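Novice: Here you go, one structure.
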Amino acid sequence: MDGEQVLWDDATVHVLTHALHYGTGVFEGIRAYRTGEGTQVFRLTDHMARLHRSAMAYHMDIGWPVEELNEATKELLRANELEAGYIRPIVFLELGAVGLNPANAKVRSAIVTWEWGAYLGEDGVQNGIRTKVSSWRRFPMDVFPNAKATGTYINSILAKVEAVRSGYDEAIMLNTDGLISEGSGENIFLMRDGIVYTPPVSAGCLDGITRASVMTLLREDGYTVVERTFHRSDLYYGDEMFLTGTAAEVTPVREVDDRPVGDGKPGPITRRAQALFADTVAGKLGTHPEWLEYV
Ligand code: PMP
């Protein structure tokens, strides 16, 4: 926290923290994986660079260059003796004026690590999850879909809570034009007739690092991957569907709006994407050594 390693119980903030009142924080979600050559943090530099871009969007000066954030993350994993797990860097505005203008608010930063299994459940990874198109639209494009700001997640939380309370595992959000954007915390992929489709970033989805990795891995494996906008109804005619994210990794979707996706089981391209991603992060595939940042 702010450059020092502190114990869990001491990692506290004041109740007048600006970010607590107004959502003025930016964050990342990163995973560390066990490999044959020790722990690697997947695309750590890309995540920390995105943290910097998010901060820039909201006029926040992080004060720590990417390399120092990388090093602090590795030191933290070593100190916690964590061989694999989730990493949550957060940069937020603390005390200053209580008003909306954050000009005098102090910028604080923290990195937290813990063990975290499958975000959408182990059964979801194996058999696929049930999704529903949300009644909540993704914030309009001018609220930075590509900045991971704490405040904007209240939009995703409305969608997630609605889905879970209605008995589904995850929400799929449309953008303000009614086009498919993404899951509440994942990017979306749709397969039809052997072609892999995913909405472009201009559809208001986060420029996901797992999304980019899976697109590259599938292309290198011979698949055609197309960035194209699509509508809700297109989801019903897909042969396969999956979600990607650091937390969710590659999670198959077996149902959308109470309709089975394909035959209701994860299909071959989904299985292939899962295997390619799992082998990459475990250091077994070896085609992208630049993505694996060893602790
Ligand atoms: N969309 C949203 C809204 C997210 O919160 C996330 C998780 N960061 C993703 C997509 C997936 O992005 P990534 O693969 O970079 O984790």
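Bear in mind these aren't lab numbers, they're just calculated from the coordinates by the rules spelled out. What you see is a predicted model; the values in this text were computed from it and never measured. Virtual Cβ from ideal backbone geometry, glycine too; neighbours counted across all protein chains shown.
Novice: Dipole size in debye (nearest 20) for the chain around its Cα centre, Lys and Arg Cβ +1, Asp and Glu Cβ -1?
Specialist: 660 debye
Novice: Then there is this: Defining a contact as two alpha carbons under 8 Å apart and six or more residues distant in sequence, what relative contact order in percent does region 121-229 show?
Specialist: Worked out over region 121-229, it gives 24 percent.
Novice: Please give me the summed charge of the neighbours of Leu93: other residues whose Cβ is under 12 Å from its Cβ, Lys and Arg +1, Asp and Glu -1.
Specialist: Summing Lys/Arg as +1 and Asp/Glu as -1 gives 0.
Novice: A further question follows. Where does the chain land on the Kirkwood hydrodynamic radius, alpha-carbon pairs, in angstrom?
Specialist: After inverting the mean inverse Cα-Cα distance, the result is 19.8 Å.
Novice: With 32 Å as the limit, write out which pairs from Lys160/Lys284; Lys106/Lys284; Lys74/Lys132; Lys74/Lys284 have Cα-Cα distances beyond it, or answer none.
Specialist: Over 32 Å Cα-Cα: Lys160/Lys284; Lys106/Lys284; Lys74/Lys132.
Novice: Okay, moving on. Is the shape of region 8-114 rounded, prolate or oblate, going by the alpha carbon gyration tensor and its root eigenvalues a ≥ b ≥ c, with a/c under 1.5 for rounded and a/b larger than b/c for prolate?
Specialist: prolate
Novice: Okay, moving on. Given a 10 angstrom Cα cut-off, can you work out which residue in Glu75, Glu186, Glu255 is the most mobile in a GNM of the chain?
Specialist: Highest fluctuation of the listed residues: Glu75.
Novice: For region 60-108 and region 120-172, compute the distance between their C-alpha centroids and round to whole Å.
Specialist: Between the Cα centre of region 60-108 and that of region 120-172, the gap is 25 Å.
Novice: Moving on. Most mobile of Leu77, Leu120, Leu285 per a Gaussian network model of the chain (Cα springs, under 10 Å)?
Specialist: Leu285
Novice: With charges set only on the Cβ (+1 for Lys and Arg, -1 for Asp and Glu), what does the dipole of region 127-168 come to about its Cα centre, in debye to the nearest 20?
Specialist: The dipole magnitude comes to about 160 debye.
Novice: Still on this structure, please answer the following. Please give the charge dipole size of region 235-295, origin at the Cα centre, charges +1 on K and R Cβ atoms and -1 on D and E Cβ atoms. Round to the nearest 20 debye.
Specialist: 200 debye
Novice: Taking 2.2 N^0.38 Å as the expected size of a compact globular protein, what ratio does the Cα radius of gyration of region 122-281 give against it, to two decimals?
Specialist: For region 122-281, the normalised Cα radius of gyration is 0.94.
Novice: If all Cα-Cα distances of region 115-181 are sorted into 5 Å bins from 0 onward, what percent lands in each bin, rounded to whole numbers?
Specialist: All Cα pairs, binned at 5 Å, distribute as 3, 17, 22, 22, 19, 12, 4, 0 percent.
Novice: Which one, Leu190, Pro252, Val107, is farthest towards the positive end of the dipole of the chain when Lys and Arg carry +1 and Asp and Glu -1 on their Cβ?
Specialist: Of Leu190, Pro252, Val107, it is Leu190.
Novice: How do 25-35, 189-199 rank on mean C-beta neighbours within 10 Å, highest first?
Specialist: 25-35, 189-199
Novice: So if each residue of separation counts as 0.36 nm, and I subtract the Cα-Cα distance between Asp207 and Ala57, what length gain in nm does that give?
Specialist: Roughly 52.5 nm would be gained on extension.
Novice: Sticking with this structure for a sec: Per DSSP H run of at least 4 residues, take -39500 (n - 2.57); add these up for the chain, divide by its residues and hand me the 222 nm value, nearest 500 deg cm²/dmol.
Specialist: For the chain, the value works out to -8500 deg cm²/dmol.
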